[in-house]
Amino acid sequence: PAAPAPPVPAPAAVDRRAPAPPLMAGTCTIKLVGPDLPFDGLKCTLELTSNVGQLRAAAFAQLPSPSDGATPPRLEQLRVIHQGRFLPDDKFIKDLKVDEGGTLAMHLVIKSPEAKKPDVPVTGDEKQAKCGCAIC
């Protein structure tokens, strides 16, 4: 007579509360172009989990110092534009729908330092009409 088949081991219990293993973050290349850049553009390679603030910092690190003695821009002056909108620092690169290993073009502009607003005395009657018409 034939020997009985060995018993099949029971599947291991799966703990559904255990966190999923972390996914490997992919990278992408972002080409920054703009009228304020003194050269053809910048290329930054970042992880998709990076945010726009990290992109600005990477671009700032690549900016050359001005050769004409002008004041170099500060990090706070750099603005990133994608699809016609200024991007906030906390926006993630992956939210911009770029493929892993892909290249995305954005604009980088240097915001001029804000001029101080003149001190306007506050009278406290802002709700009062400014002219004599019935609309105001």
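The values are calculated or read from the model by the stated rules, or taken from the named source; none is laboratory data. Small disclaimer: the values here were computed from a predicted structure and weren't measured. Virtual Cβ from ideal backbone geometry, glycine too; neighbours counted across all protein chains shown. Surface areas here come from the heavy atoms of the whole protein model, side chains and all, with no ligands, DNA or RNA. Shrake-Rupley method; radii C 1.70, N 1.55, O 1.52, S 1.80 Å.
In table form, for the structure just shown:
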{"read-out": "Exposure ranking of E76, E100 by accessible area [1.4 Å probe, largest first]", "value": "E100, E76"}
{"read-out": "I110 versus F39: modelled label distance in nm, points set 7 Å from Cα along the beta carbon direction", "value": "1.4 nm"}
{"read-out": "Length released on extending from Q77 to E47, taking residue separation times 0.36 nm less the Cα-Cα span", "value": "8.5 nm"}
{"read-out": "Net charge, H82 excluded, C-beta distance under 12 Å - Lys, Arg +1, Asp, Glu -1", "value": "+4"}
{"read-out": "Dipole magnitude of the range 47-110 about its Cα centre (Cβ charges: Lys, Arg +1; Asp, Glu -1), debye to nearest 20", "value": "180 debye"}
{"read-out": "In nm, spacing of pseudo-spin labels at A61 and T27 (7 Å Cα→C-beta vector)", "value": "1.2 nm"}
